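Colleague: Quick one: the structure is below, and I'll ask about it shortly.
The values are calculated or read from the model by the stated rules, or taken from the named source; none is laboratory data. In this text the structure is predicted, and so the values were computed from the model without any measurement. Glycine also receives a Cβ, built like all others from the backbone with ideal geometry; neighbour counts cover every protein chain displayed. We work out accessible area using only protein heavy atoms, side chains counted, and drop any ligands, DNA or RNA first. Shrake-Rupley method; radii C 1.70, N 1.55, O 1.52, S 1.80 Å.
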Amino acid sequence: MKSGIGKVLLLTGGDSAERDISLATAENIRAALLEMGIEHVTLHAEGDFIGGVIKENPDVVFIAMHGGSGENGCIQAVLEYAGITYTGSGVLASAVCMNKDVSKKIFEFHKIRTPSWQLIGSAAELKIGLPVVIKPVAGGSTIAVTIVREKSALQKAVSEALEASDDPDSAGRVMAEKYIPGREMTVGIIDGKALPLLEIISKTDFYDYKAKYEPGMSEHGEPRDIPEKLYKGMQEAAQKAFAAAGCRGVGRVDFRLNGNAYYILEINTIPGMTKTSLLPEAAGIAGIDFNTLITRILQSAKNKAKKK
């Protein structure tokens, strides 16, 4: 037992469209726990896995489940009810950030600029002009996200997003968000504090699933040509959004940058920890290696539990 963390249960898998990414994230975390000599066990979210969690009696559950019940507050609610400490944001913040419509309303309320949007069920309902980004109201890893520039492609994009949605409450509706040309930016957050800004340059049309997870399909790095005021403005906006949504632990806030105007897109409450993931890269720029990052996430969860 090291670092005062105790026994860790690494919870992964699940049945969301992001299952494969969850498994890759968990494998990287497991390797770090093994290297640091931290007692741990891996459990897949299948069958009566909650019974398995209770039987293992961990000091903290590390949630490595992207999308679906792992990220929308369901797993968090069950663990809360069972009195089990877990990593990341709580029930409400997880649900809010998973639902892009609700989270954007919070951004608007707090005067954090976000692209205009509407929820639609068919191409005929679109009122904001093209180009638009069609995406599931709840979902991640850019699955079923399409930039639509021609009206003829709209209905197909809507149908694909409807099929991929992880949120039964948004059944029959998808998000149509005004496309913002420019640069893709992201800001990692650890315990409410912003990490260095990262720019993503994709070799595909945009930062899609292939660009995110296939090595060599995108390049990331800290942008050096952004004025300090603009750079800090995005960091401050990320921190403000993270706090406004009630998030805790770690997260990642995504932006589009058009000239000197930045637009917040979403908050990821369980950022990827794969070999191509952005949060570990940003942490590394800040001098936080992967093992230290994992330790800080676990310690943050334990500190949260102590305050209850």
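Colleague: Under 7 Å by Cβ, and 6 or more places apart or on different chains, what pairs join a residue from segment 211-233 that is within 13 Å of residue 275 (Cα to Cα) and among the basic types (Lys, Arg) with one that is modelled with pLDDT under 95 and assigned to a loop (DSSP other than H, G, I, E, B)?
Modeller: Matching pairs, first to second residue: 212/141; 212/142; 212/276.
Colleague: Another question about this same structure. Quick test for you: out of 66, 44, pick the one residue that is in contact with an Asp or Glu (Cβ under 6 Å, 6 or more places away or on another chain) and within 24 Å of residue 24 (Cβ to Cβ).
Modeller: 66
Colleague: In this structure, is residue 140 at pLDDT 95 or above, of a type outside the set (Val, Ile, Thr) and open to solvent by less than 30 Å² (accessible area, probe 1.4 Å)?
Modeller: So residue 140 fails the test.
Colleague: Does residue 177 satisfy being buried (at least 19 other Cβ atoms within 10 Å of the Cβ) and at pLDDT 90 or above?
Modeller: yes
Colleague: Test of understanding: among 69, 94, which residue is of a type in the set (Ser, Thr, Tyr) and at pLDDT below 95?
Modeller: Values: 94 fails: at pLDDT below 95.
Checking each option against the conditions leaves just 69.
Colleague: Looking only at residues that are buried (at least 18 other Cβ atoms within 10 Å of the Cβ) and out of contact with any Ser or Thr (no Cβ under 9 Å at 6 or more places or on another chain) in segment 261-287, which one is nearest to residue 234 (Cα to Cα)?
Modeller: Applying the filter and picking the extreme gives 262.
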